Amino acid sequence: MKHLLFAVLCILFGFQNLHAQQLKSPNENFIMEFTLAQDGTPTYHLTYKGKTVIKPSTLGIELKEDKNNKKSLLNDFTIIDKKTSSFDETWKPVWGEQSSIRNHYNELAVTLHQKETERQLIITFRLFNDGLAFRYEFPAQKNLIYFVIKEEKTQFAMTGDHTAFWIPGDYDTQEYDYTTSKLSEIRTLFPKAKNRNLAQPPFSLTGVQTSLMLKTKEGLYINLHEAALLNYSCMHLNLDDKNMLFESWLTPDAKGDKGYMQAPAHSPWRTIIVSDDAREILASKMTLNLNEPCKLKDTSWIKPIKYVGVWWEMITGKSTWRFTDELPAVQLGVTDYTKVKTNGRHGATTENVKKYIDFAATHGFDAVLVEGWNEGWEDWLGRSKDYVFDFVTPYPDFDVKAIRDYAQSKAIKMMMHHETSGSVRNYERHMDKAYQFMKENGYDAVKSGYVGSILPRGENHYSQWIVNHYQYALEKAAEYKIMVNAHEAVRPTGICRTYPNLIGNESARGGECEAFGGSNPNHVTILPFTRLLGGPMDYTPGIFEMDISKMNPRNKSHANCTIANQLALYVTLYSPLQMAADVPENYNRFPDAFQFIKDVAVDWSESHYLEAEPGQYLTVARKAKGTQNWFVGNVNGYEPRISTLTLSFLEKGKKYTATIYADGKDANYKTNPQAYTVRKIPVTNKSKLSQLSAAGGGYAISIIEDTK
Ligand code: NOJ
Ligand code: CA
């Protein structure tokens, strides 16, 4: 009765209960409630269409104790201020899945005061129509200036034993197949999920990486990730599987610390994207929207790229990155390569590169990547060696100037390769010279790589220090008008909005793994729900010869996909950077299928997700920027499946010709991967299509407007 009376008085007199704050999404589907627990611990709770998605979960930061920090930012808080605001703006990305993006949210910023320490912490929540984001902000204040994070204590309390699409927690690699299981099964399945890539002992048998995709029994799709990871360590999630409760687990540095901070500062955004329709998860632009607008004044030099490369022949083991087999060890500046014989299998020879340039020019590609062009590859791995490469000294059989001139004569751009071998300081020492060398020799994009253990020794691929390195490399590249595609770097968190010269990342299990024993056939139906939510992936699709022993008899791998599935990836795995990864000889064997790779666009004005279920299938239609042409891609998991589509995304009244590249009748990723059909049909926006996809298969469609 007393409470009721108080509530009525509050309403009548406009009192605000500072202990419980509510925030609604613009469409009111989401409600987030923020409260302080009895002991002053910040707590939030999220509902979607009236149902709980995140049960009451606590927030806070545990600090490393020193003489200044005796108490963490976990409890004993009172709310001293709150600010609400709304934001609605439409912005245009330099490249993307669509030419304009709406950023619409309601915001609540709660200022918390810790009495004993007289410290302040702000927690800012943004509620979009596709989910919730929040971050910790540490305003400038006299009692919290420098501090070290021991652990971030952000909870995500699940409502049940959901299905998860997960990869094991790991501070160094994301190159895993996804495991699909109940949350309660993660612990048992963890050793099997982990055993492919034993970079390190796991930090927990229930530790997983973000972006984590979840599905509830009731059919709700939930994605946990982060946005705008800058000057902070990358977040993993550790599951308390008794209570179905995830807690953040930051990547430690070499000393085991998780973040060196100086106020004013803030954490990245923690994101919870939610929908009862899987297609909406794929269409969500929340991660990009949480990043700052573009910081580059001139972006005219940033261009989507379709490329080929002297690459697959090395990945399969047919050719080598190294020049010679005569030297078990080399030292830059000491080893004289002119005194040793080439092994005859070196991929990056002038002659071979010219062949790829010819192929690129004949088939309308933009660029050619060449790996293994520079001195040092003979002992690049496993030595914990600091000075492996200098990024400017070519092998004797790679003529930089002749290749530059030849590429220019054919209007082909060269794409540089910087394998750092994890020696980050060495890369930073050489970076300016390396970027200058690129500009002088006609390279305006670089594929960088971080294979192996990081140097300085003890650092991890995803800690704060190296997150800052990836950012440094990106910003430095922008000064030189260079586009970056970083492999083995931290998984992206939408930073390409702010720095659109980040045109690609690997940071997941890519197409190369088809030559390293093969990936799960449904892998590509999960990636768009996980890794791709943070930014585009240089997946390197387009493998036409699945029997890898045809490239290299010693390599018994088999790619787990059909040719039609590989074509579809150019549409389903969005990226402004797409490689035709196979060798010219294999494309020449299947010219009618190769035609799709030649035709498909790499930049889009619209994208419509037509069908989607993580682990099973996804179909997307995209409109090529600046044209009336559309491309559709479907990828399919383990079970054959029929898609039923209406092409209602096409413009009313217009006529088009659709070319459908589909799995052949008995196609199958294992037994018959190269069976496909190509057929042409007239279509309009009323056309319906029923199309079978094989196990591990799919289809690709180009829909070109009839102009006569
Ligand atoms: C791993 C990368 O993912 C791959 O693309 C590259 O060829 C090798 N490292 C060598 O740098
Ligand atoms: Ca890799």
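The values are calculated or read from the model by the stated rules, or taken from the named source; none is laboratory data. Everything numeric here is computed off the predicted structure, so don't read it as measured data. A quick note on method: Cβ atoms are made from the backbone with ideal geometry, for glycine too, and the neighbour counts reach across all protein chains shown. Each accessible area value is taken on the protein alone, full model and side chains, heavy atoms only, with ligands, DNA and RNA left out. Shrake-Rupley method; radii C 1.70, N 1.55, O 1.52, S 1.80 Å.
For this structure, a couple of remarks:
- Residue-count net charge about residue 330 - beta-carbon cut-off 13 Å; Lys, Arg +1, Asp, Glu -1: -3
- Rounded to the nearest 10 degrees, the inclination of helix 400-409 to the longest alpha-carbon principal axis of the chain is 90 degrees.
- The figure for residue 323 is an accessible area of roughly 10 square angstrom, using a 1.4 Å probe on the protein chains alone.
- Model label zone, residue 41; criterion: amide N under 12 Å from point 7 Å along Cα-to-beta-carbon; scope region 258-289: none
- Sparse-neighbour loop sites [trypsin sites (Lys or Arg not before Pro); region 98-129; at most 13 other C-beta within 10 Å; DSSP]: 115
- A DSSP coil position with no more than 11 other Cβ atoms inside 10 Å describes the following GluC sites (Glu not before Pro) in region 190-280: 218.
- Relative contact order (%) - region 557-658, alpha-carbon pairs under 8 angstrom, separation at least six: 26
- Gain on full extension, evaluated as 0.36 nm per residue between residue 451 and residue 692 minus their Cα-Cα distance, stands at 82.8 nm.
- Inter-site label distance for residue 585 and residue 51 at 7 Å from Cα along Cβ, in nm: 5.5
- Computed with a 1.4 Å probe on the full set of protein chains, the accessible area for residue 258 sits at about 20 Å².
- For residue 603, neighbours were defined as the other residues whose beta-carbon sits under 11 Å from its Cβ, and their charges (Lys and Arg +1, Asp and Glu -1) total +4.
- Using heavy atoms of the protein chains and a probe of 1.4 Å, the accessible area assigned to residue 266 is about 80 Å².
- Added length on full extension, which subtracts the Cα-Cα distance from 0.36 nm per residue, residue 104 to residue 80: 6.0 nm
- Neighbour net charge for residue 108 - beta-carbon separation under 9 angstrom, K R +1, D E -1: +2
- Label-point separation in nm, residue 184 to residue 87, each point 7 Å along Cα→Cβ: 4.1
- Accessible surface, the chain, averaged per residue in Å² (probe 1.4 Å): 38
- Largest accessible area first, the listed residues 558, 162 line up as 558, 162 when surface is computed with a 1.4 Å probe on the assembled protein chains.
- Across the protein chains, with a 1.4 Å probe defining accessible surface, the residues 225, 104 rank 104, 225 from largest area downward.
- Portion, in percent, of the accessible area of region 22-290 that falls on carbon or sulfur, probe 1.4 Å: 48
- Between residue 644 and residue 362, the FRET efficiency estimated from the beta carbon spacing at R0 = 35 angstrom works out to 0.40.
- Out-of-range pairs (alpha-carbon distance over 21 Å; input 355/625; 55/83; 64/153; 92/297; 413/598): 355/625; 55/83
- Our note on the geometry: Cα centres of region 632-663 and region 420-446, 43 Å apart.
- Separation of alpha-carbon centers, region 214-280 and region 545-578, rounded to whole Å: 32
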